[in-house]
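Here the structure is laid out as structure tokens; the discussion comes afterwards.
The values are calculated or read from the model by the stated rules, or taken from the named source; none is laboratory data. The structure displayed is predicted, hence computed values, not measured ones. We place every Cβ from the backbone using ideal geometry, glycine too, and count neighbours over all the protein chains shown.
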Amino acid sequence: MANKCKYKVAYLELNSANRISFLNNKKFITDHFKHLNIDFYPNVIYRDLINILSHKYDFFIIDMGVLNQNSLAEFLRQDARFIIGYSNRIKAPTYNNYINFILSPYDIKDNNKNKILKNTNTTLLSNLGLSDDIKTFSKQYHCSLNSIPFFFNPFHLTSAEWNFFQDMTKHIL
């Protein structure tokens, strides 16, 4: 999307997974690098976050890995939030508990989860979720999910994949 819309985008890996360094064909990289006109910052630590956020970008994508008490405040400060989990019946209770943890600063009741999620620009996504699992999850836990499609190559999107990202970001663009 960054290339097609001509946005200046930075992707910050605010966790220690170091997965994005593989885009640069190196086993371990700590310096920022550019790939397909997106600036990638692997293994960002909190003390460097303010400095990076002061750079002139149109959008920052912050990958926090698994949220916890230490990263929740930073997550809640963001303009738009995407929470990715699994809606299958084995992992659904864990995903619901995780959603409740994220919404813990708010006064949540099952019947107002969707309202809080919408008011806070929080989108729930099911990683490769089957439509039956998503429907069951939504009914059981009182919140709606969007399914993330499989991307064969996330750097060369098909029109259907492009439409998915446009739908997910239309409230922030």
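Structure values in brief
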quantity: Options L117, L145, L76: the member that is touching a Phe, Trp or Tyr at 6+ places or on another chain (Cβ under 8 Å) and aliphatic (A, V, I, L, M); calculated: L145
quantity: So I52, is it assigned by TED's automatic domain parsing to the domain that holds L125 and buried (at least 16 other Cβ atoms within 10 Å of the Cβ); calculated: no
quantity: Every residue from region 155-171 that is aliphatic (A, V, I, L, M) and either at pLDDT 80 or above or within 16 Å of the chain's Cα centre (by Cα) (or both); calculated: A160, M168
quantity: N100, sole failed condition from (1) under 17 Å from the mean Cα position of the chain (by Cα); (2) farther than 25 Å from D79 by Cα; (3) modelled with pLDDT of 80 or more; calculated: (2)
quantity: From I83, I102, I61, residue being free of Cβ contacts under 8 Å to residues at least 40 places away in the same chain and either of a type in the set (A, V, I, L, M, F, W, C) or on the phi > 0 side of the Ramachandran plot (or both); calculated: I102
quantity: Per-region count, region 121-154, residues over 14 Å from the mean Cα position of the chain (by Cα) and under 16 Å from Q78 (Cβ atoms); calculated: 0
quantity: Residues located in region 9-36, provided they are loosely packed, with under 13 Cβ neighbours inside 10 Å, of a type in the set (S, T, Y) and at pLDDT 70 or above; calculated: S16
